């Protein structure tokens, strides 16, 4: 993207995002942008490659979506629009590529120790958008919170088999499952990591931005339910 500030505006007829000049390794691609929109169960309206080229030149991009997210709480309700938006604010231990192959996220590598234990190597020097470092406690709290929030589209299906999470040494995470789960890394790609201090924070505090603090590529600037979202890099 061209130098200077960047803005992406999303509105459900039409939402808006704000995007500043990307930091290192935070460059958004055309394919990634399209995947975001499609992943949000949305149809781009009024966007063409010419529009994207103009966005690159002006640093501003407007996108219209058919289906808006219903919450910025990453553990409340699992649906396509919510998950697509959360991906831009929060990170996960593991990510999935376009072929659903598990790739590194906050974890750089992982291995099955035995039938019910998985070990993850954590990425060093990760910080939240407020400058605080990522800790094992943040990860434990995130999994626990996702498993305890009761909603119509709960994330429990991805966390209910977790028995315990420990850190045997710095930079390592050991997850014990109740039953063998060969696809655990894939399941963990659905759980976004939040600050541990927001464990008991209600969803409206995520929607107003107070608790919407992640390690992802964008920072929440504004959320107006049913109207727009503004993010910056």
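Values for this structure:
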item: Single condition residue 214 does not satisfy, out of (1) under 16 Å from the mean Cα position of the chain (by Cα); (2) without any contact (Cβ under 8 Å) to a residue 24 or more places away in the chain; result: (2)
item: Residues located in the range 84-94, provided they are within 24 Å of residue 68 (Cβ to Cβ) and in contact with a strand residue (DSSP E or B) (Cβ under 7 Å, 6 or more places away or on another chain); result: 85, 88, 89
item: Hits in the range 146-173 - residues which are within 18 Å of the chain's Cα centre (by Cα) and part of a loop (DSSP other than H, G, I, E, B); result: 149, 153, 154, 155
item: Strands (runs of 3 or more DSSP E) wholly inside the range 51-134 that include at least 3 residues being modelled with pLDDT under 90; result: 60-65
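The values are calculated or read from the model by the stated rules, or taken from the named source; none is laboratory data. Treat the numbers as computed from the prediction; the structure is a model and nothing was measured. Cβ atoms come from the backbone with ideal geometry, glycine included; neighbour counts cover every protein chain shown.
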